[in-house]
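Participant: Before we start, here is the structure in question, set down as structure tokens.
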Amino acid sequence: MKKILIMHQSQSYAGTDVFTLNLIDGFKKNGYEVEIILNDDNKDINNFYNSCKTHNYGHKLLTTYHLDSKKAFAKKMFIMIFFPILILIHLIKLFKKIKEINPSLILIVNAGIPGGILVYSGAIVCGLLNIQTLYTIHSDVVYNRYLKFYYYCIEYIVSKFRNIKFTSVSKYNIERILSRSFFIKDVGLVYNGIEKSINNLEFNDEKTTFNIVFIGNISPQKGVKVLIEAFKLLGEDSNYRLFIYGKKVDSLFYKEILSLIQDNSKITLVLNEHNKDIIFKDKNLLILPSKSLESFGQVLIEAMSYGIPVLGSDGLGIKEVIEVDDDYRAGETFNLGDSLALKEKIEKFYNDKILYQKYKKNTKYLYKKYFTKELMIEKYIKLLENI
């Protein structure tokens, strides 16, 4: 039995976590043994991966996520000076760990380029050990300004290993990577895929309310504020309802959102709900109004698998998912950040019953054609086996 090692830079149930859970299940069903190295010892994260052997690597020796803080000048200077030494320490740790696991194939799951210490150190070790490795990039290229030189060096080294190939989740993101990276020249495309719930939800199309749902982190880049502003423009006497399912990641912004929705009985906010059957029950429309950092939009295909039309920002990876097929659309897009344009699109979905039913029918077709878990797993196995 071949063993696949997944090296995952976890973000505590972000889209990449859902993606990796699907990979683990899919690889196992195809006869592979799966082990995973996580970036930190986080009990909440560990619970997501209890279906396979998990190694908590940790990154306490080096954290670069908060280097732009004004209060961290000494930390910035320390890391800038000693970064090569710290990288060497991590390389030694990972070299021993990967040799111990002894995988046949390795899949690196990363939110972005260059990502965290686990993924770029791990990529170098994979290259040195000459193990067939697929490096999948889920988000944009973001270089910390204090460590740019080192990042460029790491990227150059990794790009020279012939046993490492790169993939991403959308044409949009591939274009961004190729335009902003100096050394990565070839990136394959594999759309994310999900497994549809075994439960068939019943939707009452005759009900008087039109239920809108948002799923995502409660953060500025997700466009939650734009959505709330658009919803308020619909008027207090309308038949619309808004359900926000999210996770609090920015305390100040979360308080701002609470102040915007207080005393509004038509807006419901629910934190940390992951049961999709609960989230999508009796919903008519999913809206993803992201303003940045959305290379794909996992929630779009989740809604499509339930037969729910989608509405998203015109740009990023969102537009590509909604318009993936030349002949069919899962919904529509609106001008990024424009609350009035979003309001008008919502009214269009509500008032044009024929168009709405067309989109509703298209969603299930598009999900089955492009975004099933089986299709995704098949493509990743083929890529891994042919490096």
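Participant: State whether one or more residues within region 188-204 are at pLDDT below 90, β-branched (V, I, T) and under 30 Å from L311 (Cα atoms).
Facilitator: Within region 188-204, one or more residues are at pLDDT below 90, β-branched (V, I, T) and under 30 Å from L311 (Cα atoms).
Participant: If I ask for residues that are touching a Leu at 6+ places or on another chain (Cβ under 7 Å) and either closer than 21 Å to N351 by Cα or free of Cβ contacts under 8 Å to residues at least 24 places away in the same chain (or both), which ones from region 257-279 would you list?
Facilitator: Within region 257-279, K266, I267 meet the criteria.
Participant: Same structure, new question: Would you be able to tell me the number of residues in region 309-334 that are acidic (D, E), touching a residue at least 40 places away in the same chain (Cβ under 8 Å) and more than 15 Å from N362 (Cβ to Cβ)?
Facilitator: Of the residues in region 309-334, 1 are acidic (D, E), touching a residue at least 40 places away in the same chain (Cβ under 8 Å) and more than 15 Å from N362 (Cβ to Cβ).
Participant: Here is a follow-up. Could you run through region 230-242 and say how many residues are surrounded by 15 or more Cβ atoms within 10 Å (Cβ to Cβ) and assigned to a loop (DSSP other than H, G, I, E, B)?
Facilitator: 2
Participant: Since I267 meets every condition but one in (1) under 16 Å from K283 (Cα atoms); (2) in contact with a Ser or Thr (Cβ under 8 Å, 6 or more places away or on another chain); (3) among the hydrophobic types (A, V, I, L, M, F, W, C), which condition does it not meet?
Facilitator: For I267, the failing item is (2).
Participant: Of all residues in region 337-353, which are within 20 Å of K225 (Cβ to Cβ) and not in a helix (DSSP H, G or I)?
Facilitator: Residues satisfying the conditions are G337, D338.
Participant: Among the residues of region 95-129, which ones are among the aliphatic types (A, V, I, L, M) and modelled with pLDDT of 90 or more? Can you show your working first?
Facilitator: Of the residues in region 95-129, the ones among the aliphatic types (A, V, I, L, M) are 98, 101, 105-109, 111, 113, 117-119, 123-125, 128-129.
Once the filter is applied, which keeps residues that are among the aliphatic types (A, V, I, L, M) and modelled with pLDDT of 90 or more, region 95-129 yields I98, I101, L105, I106, L107, I108, A123, I124, V125, L128, L129.
Participant: Let me ask you something else. For the condition polar (S, T, N, Q) and in contact with a Phe, Trp or Tyr (Cβ under 9 Å, 6 or more places away or on another chain), what is the one hit in Q298, Q262?
Facilitator: Details: Q262 fails: in contact with a Phe, Trp or Tyr (Cβ under 9 Å, 6 or more places away or on another chain).
It is Q298.
Participant: Same structure, new question: Select from region 243-290 the residues that are outside any loop (DSSP other than H, G, I, E, B) and small (G, A, S) and write down the one among them that is surrounded by the most Cβ atoms within 10 Å (Cβ to Cβ). Talk me through it step by step, then tell me what you get.
Facilitator: Quick first cut of region 243-290, residues outside any loop (DSSP other than H, G, I, E, B) only: 243-248, 251-261, 267-271, 276-280, 285-288.
Next, from what is left, pick out any that are small (G, A, S): 246, 251, 259.
On the way: G246: 20, S251: 9, S259: 8.
Filtering region 243-290 for residues that are outside any loop (DSSP other than H, G, I, E, B) and small (G, A, S), the one surrounded by the most Cβ atoms within 10 Å (Cβ to Cβ) comes out as G246.
Participant: Restricting attention to region 368-383, does a residue exist that is of a type outside the set (S, T, N, Q), at pLDDT 95 or above and not in a helix (DSSP H, G or I)?
Facilitator: yes
The values are calculated or read from the model by the stated rules, or taken from the named source; none is laboratory data. Computed from a prediction, not measured in an experiment: that's the story for all the values here. When we count neighbours, we look across all protein chains shown, and the Cβ atoms used for this are built from the backbone with ideal geometry, even at glycine.
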